[in-house]
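Asks: The structure's right below; bear with me while I get my questions together.
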Amino acid sequence: MRFLSRRLVMPNDLNYANSLFGGRALEWIDEEAAIYAICQLETTCLVTKHISEISFQSPAMQGDIVEFGLKTKSVGRSSITVTCVVRNKATKKTICSADSIVFVALDPDTRKPKPHGKDLESLAKQTVDEIRSLNMEKPD
Ligand SMILES: CCCCCCCCCCCCCCCC(=O)SCCNC(=O)CCNC(=O)[C@H](O)C(C)(C)COP(=O)(O)OP(=O)(O)OC[C@H]1O[C@@H](n2cnc3c(N)ncnc32)[C@H](O)[C@@H]1OP(=O)(O)O
């Protein structure tokens, strides 16, 4: 699982108990996972089909930086299933997680499911190439 994206918990992200609002966490998970799926499938035309049970394990507070871990769980003909973990960047404590988020690639004209032509093997290679292109070596 790669943790590449981060967000800062701001005042308008809070619930009445002054911790991160669950609905905001869900919105972030959907958005982060969608961006990940778009990059994996190399298409901008996809939709969220299914989000599995989400467990909220610990609160995030104002000023916390949270980071999003994503990985591909499986790939089908038109779908990709992604796992997402949200954790506190400083403590590494899990805030919440969604085990299976299913996105379906669509034909932009018909809005029907469209085969994406990817498999786990090709995605693994694509990921290696992507990490290389990010130039994430340690600084001198
Ligand atoms: C997010 C915020 C973004 C913010 C900006 C960030 C920038 C990024 C911008 C772009 C943003 C894009 C991400 C938008 C994220 C939404 O919010 S999309 C809005 C919410 N979603 C929708 O409106 C989808 C509505 N549903 C549909 O239109 C139809 O159900 C669909 C998707 C066309 C599929 O139709 P269908 O008849 O179910 O198709 P079917 O052939 O039976 O199944 C298709 C595939 O889904 C699988 N499937 C079907 N049902 C299920 C199920 N219950 N569970 C699991 N898999 C299933 C099938 O197994 C099949 O997989 P493959 O074997 O082909 O791999």
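The values are calculated or read from the model by the stated rules, or taken from the named source; none is laboratory data. Everything numeric here is computed off the predicted structure, so don't read it as measured data. Methodologically, a virtual Cβ is constructed for each residue, glycine included, from the backbone with ideal geometry; neighbour enumeration extends over all protein chains shown. Note: accessible area is taken over every heavy atom of the protein model, side chains too, but ligands, DNA and RNA are not part of it. Shrake-Rupley method; radii C 1.70, N 1.55, O 1.52, S 1.80 Å.
Asks: Test of understanding: given the chain, find the longest segment containing no GluC sites (Glu not before Pro) that are in a DSSP loop and have at most 14 other Cβ atoms within 10 Å.
Replies: Details: sites that count: GLU42, GLU53, GLU137.
With a cap of 14 other Cβ atoms within 10 Å, the longest stretch comes to 54-136.
Asks: Filter the chymotrypsin sites (Phe, Trp or Tyr not before Pro) in region 1-108 to those in DSSP coil with at most 12 other Cβ atoms within 10 Å of their Cβ, and list the result.
Replies: Values: sites: PHE3, TYR16, PHE21, TRP28, TYR36, PHE56, PHE68, PHE103; in loops: TYR16, PHE21.
Sparse-neighbourhood loop chymotrypsin sites (Phe, Trp or Tyr not before Pro): TYR16.
Asks: So who's got an amide H within less than 5 Å of the one on ASP107, skipping anything under 5 residues away but keeping other chains? H placed 1.01 Å off N, in plane.
Replies: LYS112, LYS114
Asks: Under the rule a/c < 1.5 gives rounded, and otherwise a/b versus b/c splits prolate from oblate, where does the chain land using the Cα gyration tensor? Let's see the in-between values first.
Replies: On the way: a/c = 2.30, a/b = 1.40, b/c = 1.64.
The shape class here is oblate.
Asks: Return the long-range amide H neighbours of GLY76 (sequence gap of 5 or more, or a different chain), with a cut-off of under 5 Å between placed amide H atoms.
Replies: THR81
Asks: Now, a different point. In Å², and per residue, what accessible area does region 22-134 have when probed at 1.4 Å with the other protein chains present?
Replies: So region 22-134 comes to 54 Å² accessible per residue, rounded to a whole number.
Asks: What percentage of the solvent-accessible surface of the chain, computed with a 1.4 Å probe over protein heavy atoms, is contributed by carbon and sulfur atoms?
Replies: Working: 4480 of 8480 Å².
Carbon-and-sulfur percentage of accessible area, whole number: 53.
Asks: Of ASP30, ASP99, ASP109, ASP13, which has the most accessible area and how do the rest follow, probe 1.4 Å?
Replies: Values: ASP30 50, ASP99 80, ASP109 140, ASP13 15 Å².
Heavy-atom accessible area, descending, gives ASP109, ASP99, ASP30, ASP13.
Asks: Mind pulling the angle between the C-alpha long axis of helix 22-41 and the longest principal axis of the chain? Nearest 10 degrees, somewhere in 0 to 90.
Replies: The answer is roughly 30 degrees.
Asks: Right, something else. Relative to the first principal axis of the alpha-carbon coordinates of the chain, what is the inclination of helix 120-133, with its axis defined by its Cα atoms, in degrees from 0 to 90 and to the nearest 10?
Replies: Rounded to the nearest ten degrees, it is 60.
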